[in-house]
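Asks: This structure is in C-alpha cells; I'll ask about it shortly.
Derivation of every value follows stated rules applied to the coordinates shown; laboratory data play no part. Just so you know, these numbers come straight off a predicted model, no measurement behind them. So basically every Cβ, Gly included, is an ideal-geometry build from the backbone, and we count neighbours across all protein chains shown.
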C-alpha cells in the first residue's frame, strides 16, 4: 500500500478554521482523516502539511511510527507548534487508515479499551464563543451551567476571571469568585467545576485568586500561568489545595519532561491535534503515568480531533476526562456522515474501524476559509494583555 496524496480541507468555524487532513492511498476507497487545527495559524499549518507530504508520498501508510520519525527528523528544522500541528493531523489520518485496513477501531490498535465509558466535560454555553469568553456577570455563569446539567454532563469548564492585570484588584477577584460561588450553589457538590485562567495571570495573581476559591472544591485550576514558567507552576501547585492542569501549549514529549519531573501540575493536557498526534499523546501519557499524573487531552477543536482524543482516552490508563465542544457552530455535525454522540456526559467505547468518522466534503466546503474572529485583549491602561 502507498500514500498517493495528502491534502487539507479548511472549514471555518468562526473562532477556528478546522484544518482537516486527508491522506489518500492507492487502495480504492481507503483513506484517512486527521485534524490539524491551530487558531490564527491556518495558512502556516496548511503549508507545513504540504512540506511534510513531500516526505511521505509513496510511503506505506501502515508504518506509522516510521513515518512519524521521518516527519520529525528528516528536515533540519524540527519542532514548533506549527510543524507539530501538521504532523498531528497526518498522524491521526495514518491511524485512521490502519484501523480501517484491519477492520478495528484505533483504540483496539492501541491496546484495547481500559475503561467501559469515558467521561466528558462541557464548556460553559457548549463552547459558543460568546458564552466562553464574554460571560461576565456572576448570575450568567449560574444560569448557563444549568444547560450543561440538562444535557447530561457532570462537569463544566469556564473562565470567570477576565483579561487580567499583572496583579489584579480585590474587586475584580471577588466578582470572579462570586461567579464560582453561584455556580457551585446552582449545581451542588455532585457536579465538577474547572476554571481556566488561560495563562493570563502571574503566579502571584493566580495564587491570590485561588485562595478565594478554597471553599468551592474545584476539579482543577487550568493554566494559572505560562507553561514555560515551570517553577512558577510549581509555586501555584504547592500554594493551593486543589489540582492544577496545564500542557495544551506544549508539543512533543520533550517539552513535557520538566513539567513532569518537577510535578508542576496534577493533570497534563496534551492536545492530540498539536502535540504530535495520537502517537505522541500516548507517549506523553505514558511518561505522566510514571509520575502518577493524570491526563485530560485538550480539545476545543473540530469533530476529527474529538474522535482522535476519545480513542486515546479509551486506551490510556491514567486518563481522567475528555474535553468536548458541542455548540460552537450550529452545523458542527453536518460535516460528518454520521454525528458524534457527545451531547451527554460520557461516550461508550468506539466500535467502528479507524477513527469511526468520515467527512461529508460537500458540506465542509460550504464553510470555506475566512480569517478567524480575533480576540484582541488589552489591560485597563491600554497595554497588551494575554488572550
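Asks: Does the stretch 109-355 classify as rounded, prolate or oblate by the C-alpha gyration tensor (a ≥ b ≥ c root eigenvalues; a/c under 1.5 gives rounded; else a/b over b/c gives prolate, otherwise oblate)?
Replies: oblate
Asks: Here is a follow-up. Once every DSSP H run of n ≥ 4 in the chain is given -39500 (n - 2.57) and the sum is divided by its residues, what mean residue ellipticity at 222 nm do you get, rounded to the nearest 500 deg cm²/dmol?
Replies: My calculation for the chain gives -11500 deg cm²/dmol from helical runs alone.
Asks: Between residue 130 and residue 7, what's the calculated FRET efficiency when r is the beta-carbon distance and R0 is 35 Å? Round to 0.05.
Replies: Here the calculated transfer efficiency is 0.60.
Asks: Can you sort 166, 55 by how many other beta carbons sit within 10 Å, fewest first?
Replies: Ordered from fewest to most neighbouring Cβ atoms within 10 Å, 166, 55 come out as 166, 55.
Asks: Hey, what D do you get for the stretch 71-165 in µm²/s if you plug the Kirkwood alpha-carbon radius into Stokes-Einstein at 25 °C and 0.890 mPa s?
Replies: For the chosen part, D equals 142 µm²/s.
Asks: Now for a separate question. May I ask for the angle, rounded to the nearest 10°, between helix 170-187 and the longest principal axis of the chain, with both axes built from Cα atoms and the value confined to 0 to 90°?
Replies: It works out to around 70 degrees.
Asks: Can you give the angle from 0 to 90° between the axis of helix 138-150 and the longest principal axis of the chain, with both taken from C-alpha atoms, to the nearest 10?
Replies: The angle comes out at about 40 degrees.
Asks: Treat the count of other C-beta atoms within 10 Å as a stand-in for reagent exposure and order 226, 77, 254 from fewest to most.
Replies: 77, 254, 226
Asks: Taking other Cβ within 10 Å of each residue's Cβ, how do 328, 60 sort, fewest first?
Replies: Arranged by neighbour count, lowest to highest, 328, 60 become 60, 328.
Asks: For the stretch 109-157, taking Cα atoms only, what is the radius of gyration to one decimal and the Dmax to the nearest whole Å?
Replies: 14.5, 47
Asks: Where a ≥ b ≥ c are the square roots of the eigenvalues of the C-alpha gyration tensor, would you call the stretch 290-387 rounded, which needs a/c under 1.5, or, failing that, prolate if a/b is larger than b/c, or oblate?
Replies: Oblate, since a/c reaches 1.5 and b/c is not below a/b.
Asks: A follow-up question, please. Using a basic spin-label model with each label point 7 Å from the Cα along Cα→Cβ, how many nm lie between residue 370 and residue 283?
Replies: 3.9
Asks: Okay, next question. For the Cα atoms of the chain, what angle does the longest principal axis make with the long axis of helix 252-261, in degrees from 0 to 90, nearest 10?
Replies: Result, in degrees: 40.
Asks: To the nearest 0.05, how large is the calculated FRET efficiency for residue 261 and residue 143 if R₀ is 35 Å and r is the Cβ-Cβ distance?
Replies: 0.25
Asks: Distance from a point 7 Å along Cα→Cβ of residue 65 to each backbone N in the stretch 312-333: keep the residues under 19 Å and list them by number.
Replies: 312, 315-317
Asks: Please compute the modelled spin-label separation between residue 43 and residue 384, points set 7 Å along Cα→Cβ, answer in nm with one decimal.
Replies: Using points 7 Å along Cα→Cβ, the separation is 1.8 nm.
Asks: So if we plug the beta-carbon distance of residue 51 and residue 291 into 1/(1 + (r/R0)^6) with R0 = 30 Å, what FRET efficiency do we get, rounded to 0.05?
Replies: Approximately 0.30, to the nearest 0.05.
Asks: Give me the Kirkwood hydrodynamic radius of the stretch 1-152, using the inverse of the mean 1/r over all pairs of distinct Cα atoms, in Å to one decimal.
Replies: Over the stretch 1-152, the inverse of the mean reciprocal pair distance is 17.6 Å.
Asks: Given axes a ≥ b ≥ c from the Cα gyration tensor, I'd like to know whether the stretch 1-60 is rounded (a/c under 1.5), prolate (a/b larger than b/c) or oblate.
Replies: oblate
Asks: Note the full-extension length gain between residue 348 and residue 171 as 0.36 nm times their separation in residues minus their Cα-Cα distance, in nm to one decimal.
Replies: Length gained between residue 348 and residue 171: 59.3 nm.
Asks: Can you give the % of DSSP beta bridges in the chain that are antiparallel, to the nearest 5?
Replies: About 50 percent, rounded to the nearest 5.
Asks: Equivalent ellipsoid semi-axes for the stretch 158-241, as square roots of 5 times the alpha carbon gyration tensor eigenvalues: give them largest first, rounded to whole Å.
Replies: So the equivalent ellipsoid measures 21, 14, 10 Å along its semi-axes.
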